[in-house]
Amino acid sequence: TTAATLERFTVNFTITNLPYTSHLENPDSAKFTATQRVMNMMLDRLLKESSIGPVFQGCETTDFRY
């Protein structure tokens with residue numbers, strides 16, 4: 001068997017019930033870290049149950065924008 005090639009992709013979406021604050025601009029803030037952790041968990045769960053689930057390796061939230 002050969003090792004699978006990992007391929008990164010970007011997903012952009014709007015969260016309508018999360019008010020944006022300046023704390024979400026700072027990756028070192030507690031608000032950013034907590035929101036990132038929840039988003040990663042929820043996206044991981046969603047994508048692992050999708051058609052790409054068998055090859056899905058995990059996600060990383062990199063940015064929040066207004």
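The values are calculated or read from the model by the stated rules, or taken from the named source; none is laboratory data. All values reported here derive from a predicted model rather than from experimental measurement. Cβ sites come from the backbone with ideal geometry, for glycine too, and all protein chains shown count toward neighbours. For the accessible areas, the whole protein counts, side chains as well, though only heavy atoms, and no ligand, DNA or RNA atoms are used. Shrake-Rupley method; radii C 1.70, N 1.55, O 1.52, S 1.80 Å.
Data table
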{"quantity": "For segment 18-30, Karplus couplings with θ = phi - 60° (6.51, -1.76, 1.60), whole Hz, Gly/Pro x", "calculated": "10, x, 7, 10, 4, 4, 6, 7, 9, x, 8, 7, 4"}
{"quantity": "From the C-alpha gyration tensor of the chain, square roots of 5λ in Å", "calculated": "27, 13, 10"}
{"quantity": "Extended-chain gain in nm, criterion 0.36 nm per residue less alpha-carbon gap, Asp28 and Asp63", "calculated": "11.4 nm"}
{"quantity": "Listed peptides 31-39, 16-24 by packing density, highest first (mean Cβ within 10 Å)", "calculated": "31-39, 16-24"}
{"quantity": "Sparse-neighbour loop sites [GluC sites (Glu not before Pro); the chain; at most 14 other C-beta within 10 Å; DSSP]", "calculated": "Glu7, Glu49, Glu60"}
{"quantity": "With every protein chain in place, the chain: carbon and sulfur % of accessible area (1.4 Å)", "calculated": "52 percent"}
{"quantity": "Mean accessible surface per residue for the chain, computed with a 1.4 Å probe while every protein chain stays in place, in Å²", "calculated": "89 Å²"}
{"quantity": "Whole-number percent relative contact order across the chain, with pairs defined as alpha carbons under 8 Å at least 6 apart", "calculated": "30 percent"}
